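First the structure, in the form of structure tokens, and then the observations on it.
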Amino acid sequence: MLSKDDMKTAGFNTRLRKTGSAVGATIPAEFLRDLNMQEGDQVTVSIEENGVKIVKSDPEFETNMTHYDVIEDRFAPAFRKLAE
């Protein structure tokens, strides 16, 4: 198992491979284990300045944040008043 410091600098090379009409990259099992990820997990992929970032998604958290956004927009004036 990689230490947290090792994980920050760890890397590996892989090839992009066609999978149906998409393209995918293979992530070694050791990395998945250390990241607490496994086949079938939902991930979020974002474009960063120097590459891509892949993080494990939490669908329940995403749903709760969507609800929060609606509540925040609707009640923002009341929240500001309460904060005074």
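Computed quantities for the displayed model
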quantity	calculated
Filtered residue count, the range 44-59, keeping only those that are among the small types (G, A, S) and at pLDDT below 90	2
Residue count, the range 75-84 (criterion: in a helix (DSSP H, G or I) and either touching a strand residue (DSSP E or B) at 6+ places or on another chain (Cβ under 7 Å) or surrounded by fewer than 10 Cβ atoms within 10 Å (Cβ to Cβ) (or both))	6
Residue in the range 13-38 that is surrounded by the fewest Cβ atoms within 10 Å (Cβ to Cβ), counting only those that are part of a loop (DSSP other than H, G, I, E, B) and touching a Ser or Thr at 6+ places or on another chain (Cβ under 9 Å)	R15
In the range 39-53, residue surrounded by the most Cβ atoms within 10 Å (Cβ to Cβ) [restricted to those that are without any contact (Cβ under 8 Å) to a residue 12 or more places away in the chain and closer than 16 Å to G24 by Cα]	K53
The range 54-66: number of residues that are surrounded by fewer than 11 Cβ atoms within 10 Å (Cβ to Cβ) and hydroxyl-bearing (S, T, Y)	2
Residues located in the range 54-84, provided they are free of Cβ contacts under 8 Å to residues at least 12 places away in the same chain and in contact with an Asp or Glu (Cβ under 8 Å, 6 or more places away or on another chain)	F79
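The values are calculated or read from the model by the stated rules, or taken from the named source; none is laboratory data. For clarity, every value in this text was computed on a predicted model and none was experimentally measured. Here Cβ is always computed from backbone atoms with ideal geometry, including for glycine, and neighbour counts include all displayed protein chains.
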